[in-house]
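As structure tokens, the structure follows; a few thoughts come after it.
The values are calculated or read from the model by the stated rules, or taken from the named source; none is laboratory data. Just so we're clear, the structure is a prediction, and the values are computed from it rather than from any experiment. Cβ sites come from the backbone with ideal geometry, for glycine too, and all protein chains shown count toward neighbours.
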Amino acid sequence: MAETAPMKIIARIHTDFSTKFGIPRQSGLVDELEGTVVFAPEYRVPEALRGLEGFSHIWLLWQFSRAVREDWSPTVRPPRLGGNERMGVFATRSPFRPNAIGLSCVRLAGVDLRTPRGPVLRVAGADLMDGTPIFDIKPYLPYADCRPDAVGGFASAPAGERLRVVFAPGCLERVPAGRGEALRGVLACDPRPGYQSDPGRVYGLSFGGVDVRFTVAGETLTVVDVVPGGGEMR
Amino acid sequence: MQTLSIRPIGAIRIGEEGPYVELEPPYLPALKGLEYYSHVHILWWFSRRDNPADRGVTQVHPAHGAAPGPMGVFASRSPCRPNPIALSTAEITFVDAGRGRIGLDWTDAEDGTPVVDIKPYSPGLDRVEDCREPAWHGDWPGSYEASRAAGNKY
């Protein structure tokens, strides 16, 4: 390898997350979260996907979005540890690594070879922001990738659903059709930053084209308003 | 064409006592805490395939008698693909923070292969118990150990 090598963006994934805020921290937690992988024009080659439908899960290798001024950091403070303890970045899935490559295992919901945007992949459980660039797709191979004996360290237990979600009257009706269950799943996983807990605060989550406003008290999350638009992280 | 410049952070070494990743000095502090994981993902570079011809491959022919013809590159782990980046999972045999080394229980990479990222294998993220692969594909060694014994590369 030369000092550097280029990785080309071959596709982008389209999801309901227009900002990073609220994305469940572990992919696969909310299976209802659907995404569509659309290939860049020069990579719309149906034969490159031949046989992929035989696999139930795939790996996506993608690009972390980081501001240009943000470089990598040897250690980071994982949110799950309360933001106080530092771990080496290679012991985490943090974006602040030397090469901004993310790795996610997602369920392959379908391969549509002929759409107006060329061949596309429908996936489920994708924890990626809308428009995230994709570098590679690989099939998930049981014998190579599934390790029943693997144990994870300090963040071994997946967050899962931790909150009871309640919608104030009229709110659920304003959520775009078909997105209600996915939104409920995202909210139940607690989309607040890892070390914030302020019962008086009204948070905002941009999801599926609407701005979802909510408060959290104890183990109950209450959606207090749903308004059109939304692209701000709050 | 939009690209991201990738730089090596170390290399895979095949030592007398087995394979390991050796990190370049600036990256040593980034290992802190990896010892709490049993398995690791290594993202490495198929450096011998980093040329226009191999990066332009769209289909491959698996070395398996029952394969139903060519497979799309994205349905394979072939080194010939648009971005020649490899993903391997290994059990961590040791972490030597002082020398920046992570012992691996196996690798199919050659000595000196550039490494571009290390990630912990997190069961909640990476382990799919109920996954499916094509029937013909499942004819391949039924276990990781058998696959290694057969020296399989795919």
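Okay, residues lined up against (1) without any contact (Cβ under 8 Å) to a residue 24 or more places away in the chain; (2) surrounded by fewer than 20 Cβ atoms within 10 Å (Cβ to Cβ); (3) over 29 Å from B:LEU4 (Cα atoms):
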site	(1), (2), (3)
B:GLU35	no, yes, yes
B:VAL40	no, no, no
B:PHE46	no, no, no
B:ASN51	yes, yes, no
B:ALA67	no, yes, yes
B:ARG101	no, yes, no
B:ASP117	no, no, no
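Within region B:1-18, the set of residues being more than 7 Å from chain A (Cβ to nearest Cβ), crowded, with 21+ Cβ neighbours inside 10 Å and of a type outside the set (A, V, I, L, M, F, W, C) comprises B:GLY10 only. Working only within region A:107-124, note down all residues that are more than 10 Å from every other protein chain (Cβ to nearest Cβ) and either within 21 Å of A:VAL186 (Cβ to Cβ) or in a strand (DSSP E or B) (or both). Passing the criteria: A:ALA109, A:GLY110, A:ASP112, A:VAL120, A:ARG122, A:VAL123, A:ALA124. As a summary of the residue check, A:ARG44 satisfies the conditions (1) free of Cβ contacts under 8 Å to residues at least 40 places away in the same chain; (2) charged (D, E, K, R); (3) within 23 Å of B:PRO79 (Cβ to Cβ) except for the one numbered (1). For region B:64-73, the count of residues that are of a type in the set (Gly, Ala, Ser), more than 8 Å from chain A (Cβ to nearest Cβ) and under 14 Å from the mean Cα position of the chain (by Cα) is zero. Looking at A:ASN99, is it assigned to a loop (DSSP other than H, G, I, E, B) and within 18 Å of B:PRO120 (Cα to Cα)? Against the criterion (assigned to a loop (DSSP other than H, G, I, E, B) and within 18 Å of B:PRO120 (Cα to Cα)), A:ASN99 qualifies. Across region A:182-234, the qualifying residues are those that are among the acidic types (Asp, Glu) and at pLDDT below 85, and the one among them that is farthest from A:HIS14 (Cα to Cα) is A:ASP198. Quick check on region A:85-104. Is at least one of its residues closer than 30 Å to A:ARG44 by Cβ, in contact with a Pro (Cβ under 6 Å, 6 or more places away or on another chain) and surrounded by 17 or more Cβ atoms within 10 Å (Cβ to Cβ)? No, region A:85-104 has no match at all. Each residue in region A:172-229 was checked for being of a type outside the set (A, V, I, L, M, F, W, C) and in a strand (DSSP E or B), and 10 of them qualify.
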